[in-house]
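Any read-out appearing in this document is the output of simple, stated calculations on the displayed coordinates, not a laboratory observation. The structure presented is a predicted model; accordingly, all values stated were derived computationally and were not measured. Glycine also receives a Cβ, built like all others from the backbone with ideal geometry; neighbour counts cover every protein chain displayed.
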């Protein structure tokens with residue numbers, strides 16, 4: 001079989017608790033139908049080790065950001081997120097990744113797409129996946145991105161410079177509003193479990209929230225406890241699949257991992273309680289406002305997705321949601337503390353109250369990023 005070699009300029013950036021390959025769109029073929037083959041080869045998929053590519057053998061390290069200057073008056077750059085499956089020949093463009101988003105502003109500055117403005121540069125990012133605007137505030141000095149700093153996020157060793165992300169008007173990334181089904185609570189019919197209550201909320205990304213106790217869980221589980229239990233993984237994917245059917249993404253829940261692997265994101269929550277993180281750190285109940293665990297591409301997220309935090313913050317101010325039922329009654333919505341496997345993620349929400357649903361003005365939080373390398377990837381096609 002004859003092969004052609006595609007030489008692709010790439011950068012690898014840690015964004016938040018994820019790591020991805022960042023590419024200028026001009027360096028990819030104009031025909032987007034060719035992208036999947038290139039990205040799969042680039043990352044080394046499908047292969048659970050991704051040994052022949054740049055992927056890191058986990059969903060949070062098998063991500064790609066595709067970036068170009070924007071022609072929109074409200075944005076500086078356009079950003080397309082691609083989730084490359086580790087063990088399946090699938091590239092999903094459904095939904096966005098908030099952690100990878102935190103590296104987009106620095107990358108755009110590094111590549112000269114955005115000029116710096118003093119010691120803080122705001123980059124207006126149009127995310128094509130969700131049709132939403134994200135504002136990234138990046139520390140800069142003498143025209144350069146400042147990566148070093150004293151801010152620490154759970155799931156990343158050491159400290160770095162903070163990147164503030166604000167998701168403007170985040171509701172309705174699928175075009176179906178903040179509540180895609182129109183209901184605060186939906187009843188999902190899950191094979192092997194029966195009927196279970198869920199809140200399906202769409203802000204920054206669509207999530208399906210379920211009480212941990214309704215799944216026979218505590219919410220304190222660490223990723224290894226669930227990832228090494230095929231029965232639990234199967235149950236959680238069936239719940240997610242039932243939610244995907246409910247919002248019209250698929251018609252057969254058994255096909256969820258193939259036809260809509262990334263959204264909605266399965267999330268189970270519980271009231272704040274003492275638990276131990278993956279690093280052995282003890283988190284006390286009064287340090288957090290709720291416990292939450294997210295799934296990422298059919299495995300437990302090692303920490304917490306940034307878009308997941310944005311959606312969790314939005315769900316916290318919707319009366320009657322599963323999140324609102326378990327979150328601390330005196331929660332400060334400008335400083336919501338989510339207890340996840342790696343530690344604590346802080347986020348907030350700005351909204352206006354109406355007689356019906358709250359109107360979400362924006363959600364926000366802080367991440368860090370680190371520019372790791374740039375070079376040429378050899379992609380054999």
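List of remarks:
- Each of 34, 329 was scored by other Cβ atoms within 10 Å of its Cβ. Listed from fewest to most, they are 329, 34.
- Region 167-275: antiparallel DSSP beta bridges as a percent of all, rounded to 5: 70
- Computed E for residue 7/residue 183 - FRET, C-beta separation, R0 51 angstrom, nearest 0.05: 0.50
- Built from the Cα atoms of the chain, the convex hull projects on average onto 18.7 nm², one quarter of its surface area.
- Reduced Cα scattering model of region 186-361, Debye log10 I(q)/I(0), q = 0.13 Å⁻¹: -0.59
- If a spin label sat at a point 7 angstrom from the Cα of residue 378 along the line to its beta carbon, the backbone N atoms of region 38-64 nearer than 16 Å would be those of 41-44, 52-54.
- Percent of beta bridges antiparallel (DSSP, region 1-75, rounded to nearest 5): 50
- Take the Cα of residue 254, step 7 Å toward its Cβ, do the same at residue 354, and the gap between the two points is 4.2 nm.
- Distance from region 216-293 to region 33-101 (C-alpha centre basis), Å: 22
- Shape call, region 1-88: gyration tensor on alpha carbons, a/c limit 1.5: oblate
- Here the gap between residue 27 and residue 115, fully extended at 0.36 nm per residue and compared with their Cα-Cα distance, gives a gain of 29.6 nm.
- Residue among 41, 14, 49 with the largest mean-square fluctuation in a Gaussian network model of the chain, springs linking Cα atoms under 10 Å: 49
- Residue with peak Gaussian network fluctuation, the chain [Cα springs, cutoff 10 Å], from 321, 117, 363: 117
- Note: relative contact order over region 240-381, using C-alpha pairs below 8 Å and six or more positions apart, is 19 percent.
- Taking the number of Cβ atoms within 10 Å of each Cβ as an exposure proxy, the fewest-first ranking of 347, 311, 97 is 347, 97, 311.
- Among 132, 232, the ranking by other beta carbons within 10 Å of each residue's beta carbon, starting with the fewest, stands as 232, 132.
- The chain, relative contact order in percent, only Cα pairs under 8 angstrom and at least six apart counted: 19
- The chain: most fluctuating residue of 327, 360, 226 per GNM, C-alpha cutoff 10 Å: 226
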